[in-house]
Amino acid sequence: MYLSAGRTADTTAGVRRTRPPRTTGVRRAVAGNVIALGGVSLLTDVSAEMVTAVLPLYLVVGLGLSPLAFGALDGLYQGATVLSRLAGGHLADRAQRRKLVAGVGYALSAGCKLALLAATTPWAIGAVLAADRTGKGLRTAPRDALISLSCSPEEQGRAFGVHRAMDTAGALIGPLAAFAVLWAARDGYDAVFVVSFCTAALGLLLLALFVRDPSAGKSERAGRQKHRRGELRALVRMPGLPRLCLLAALLGVVTVSDSFLYLLLQRRLDLPAPYFPLLPVGAAAGFLLLAVPLGRLADRIGRPLVFLAGHGALLTSYVLLIGPWGGGPIAAGCVLVLLGAFYAATDGVLMAAAGPLLPPHLKASGLAVVQTAGAFARFGGSLLFGAGWMYFGPDGALTAAAAGLAVVLTAVAAFHRRSRV
């Protein structure tokens, strides 16, 4: 399916699949725009992960939600970006104002952190989470389009790796900040939401001051006029893009949400509530350490191989959790590191594979389509896993998810191997 997307991308961009030329001295620096966007994402992820780190325990333990109800809210949290991703990508490409559309998304998510102070029922919290994810959906495709447009096709993996590493540094700091706030403040959750808002506002200021929106060239403006009425048809016909969407959907539906994995670990370790926000730190550390190396590796050996290997790491983490050794601290640490490796090998790598396939005037829209396929599949996956937890127990639900992931991964790997023969 996604098979030769890496090669197709390089062919489309006019890049030969040869070893990169040797360079003397210091390796070429990543574009300043990528670094600035990485700083924005770092601060935004500190803000987001402060809330995400405490939310599962708050909803399940504090508000007493059932696993099925939590699965519905978590699915909403994952899937609320479906339409907004498409809208954000379309608006950014149509108006050629990628920075502005991304800024609206960042501002909406920041405001939702304060709105959580007033949300006291599960449905109100669900509405705020949906609005927060809508903001994320609006900003993600324009942001990734800015990254892709800021570097050459053969450097996409490294550029996205650097950005995702900075983004994940925020994911590493966020849970630690939430832990510190919960430890120090009497009304811990409210304090977490306020500090989260202030951090998000700082990231929005950084975007306004330092991120540059590349101007459209003549070819881009001509292409935009040509495809103004047939953008969706143009994307569907784009070589390699439908395969990427199908792959993201197939693997997304058998990917268990991080929140469920953290709840499983918390139960296995019998971890006290104040320490729950520390669980994402292990995954974030693995992501932070591996994002750039795996991005560079994907540029060298092919993005499909690294992408599939990342899902192999995720499957291994499921097996560790299912086994009798899953309750030990060493096994729990391995699960978190494997989860970080999974994101390092898939998140930026998928965007690096899709970016060179797309012309500049459809860059944000095309990336949004790929992201939407995965988000929609994960929405369904969260609902299925929540129902499985409720009716078959956590171990039964995770066993079914592991079996599904193994089947899909085996089929995709076999298809990839046949296509290379």
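The values are calculated or read from the model by the stated rules, or taken from the named source; none is laboratory data. Small disclaimer: the values here were computed from a predicted structure and weren't measured. Heads up, the Cβs are rebuilt from the backbone with ideal geometry, glycines too, and the neighbour counts pull from every protein chain shown.
Thr120 is checked against (1) surrounded by fewer than 24 Cβ atoms within 10 Å (Cβ to Cβ); (2) assigned to a helix (DSSP H, G or I); (3) among the β-branched types (Val, Ile, Thr) and fails just one. What number does that condition carry?
(2)
Listed here are the residues, each with its yes/no results for (1) in contact with a Lys or Arg (Cβ under 9 Å, 6 or more places away or on another chain); (2) buried (at least 24 other Cβ atoms within 10 Å of the Cβ).
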| position | (1), (2) |
| --- | --- |
| Leu289 | no, no |
| Leu294 | no, yes |
| Ser317 | no, yes |
| Gly333 | no, no |
| Leu350 | yes, yes |
| Ala353 | yes, yes |
| Leu358 | no, yes |
| Phe379 | no, no |
| Leu383 | no, no |
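Tally the residues that are at pLDDT below 85, of a type in the set (Gly, Ala, Ser) and in contact with a helix residue (DSSP H, G or I) (Cβ under 8 Å, 6 or more places away or on another chain), restricting the search to the stretch 15-55.
Total meeting the criteria: 2.
Name the residue that is modelled with the lowest pLDDT, counting only residues in the stretch 309-353 that are under 15 Å from the mean Cα position of the chain (by Cα) and among the aromatic types (Phe, Trp, Tyr).
Tyr343
Search the stretch 158-180 for residues being of a type outside the set (A, V, I, L, M, F, W, C) and within 15 Å of the chain's Cα centre (by Cα), and hand back the single one that is surrounded by the most Cβ atoms within 10 Å (Cβ to Cβ).
Among them, the one singled out is His163.
Looking at the structure I just gave you, is Phe210 farther than 30 Å from Leu117 by Cα and at pLDDT 90 or above?
Working: farther than 30 Å from Leu117 by Cα: yes; at pLDDT 90 or above: yes.
It is true that Phe210 is farther than 30 Å from Leu117 by Cα and at pLDDT 90 or above.
To keep it simple, each residue is scored yes or no on (1) surrounded by 18 or more Cβ atoms within 10 Å (Cβ to Cβ); (2) modelled with pLDDT of 85 or more; (3) over 24 Å from Gly328 (Cα atoms); (4) under 20 Å from the mean Cα position of the chain (by Cα).
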site: Ser215; (1), (2), (3), (4): no, no, yes, no
site: Gln225; (1), (2), (3), (4): no, no, yes, no
site: Glu231; (1), (2), (3), (4): yes, no, yes, no
site: Pro274; (1), (2), (3), (4): no, no, no, no
site: Ala284; (1), (2), (3), (4): yes, no, no, yes
site: Phe307; (1), (2), (3), (4): yes, yes, yes, yes
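Would you point out the residue of the stretch 233-266, among those that are at pLDDT below 85 and of a type in the set (Ser, Thr, Tyr), that is farthest from Ala402 (Cα to Cα)?
Looking at residues that are at pLDDT below 85 and of a type in the set (Ser, Thr, Tyr), I get Ser259.
If you take the residues in the stretch 153-191 that are free of Cβ contacts under 8 Å to residues at least 40 places away in the same chain and out of contact with any helix residue (DSSP H, G or I) (no Cβ under 7 Å at 6 or more places or on another chain), which one is nearest to Pro214 (Cα to Cα)?
Ala180
What are the residue pairs meeting all of these: first residue in the stretch 396-408, first residue farther than 20 Å from Ala248 by Cβ and of a type in the set (A, V, I, L, M, F, W, C), second residue modelled with pLDDT under 90 and not in a helix (DSSP H, G or I), Cβ atoms under 8 Å, and 6 or more apart or on different chains?
Listed by first residue and then by second, the contacts come to Leu398/Val256.
Please pick out the residue among Arg94, Arg98, Arg85 that is more than 17 Å from Leu55 (Cα to Cα), at pLDDT 75 or above and more than 20 Å from the chain's Cα centre (by Cα).
On the way: Arg98 fails: more than 20 Å from the chain's Cα centre (by Cα); Arg85 fails: more than 20 Å from the chain's Cα centre (by Cα).
Only one candidate passes the filter, namely Arg94.
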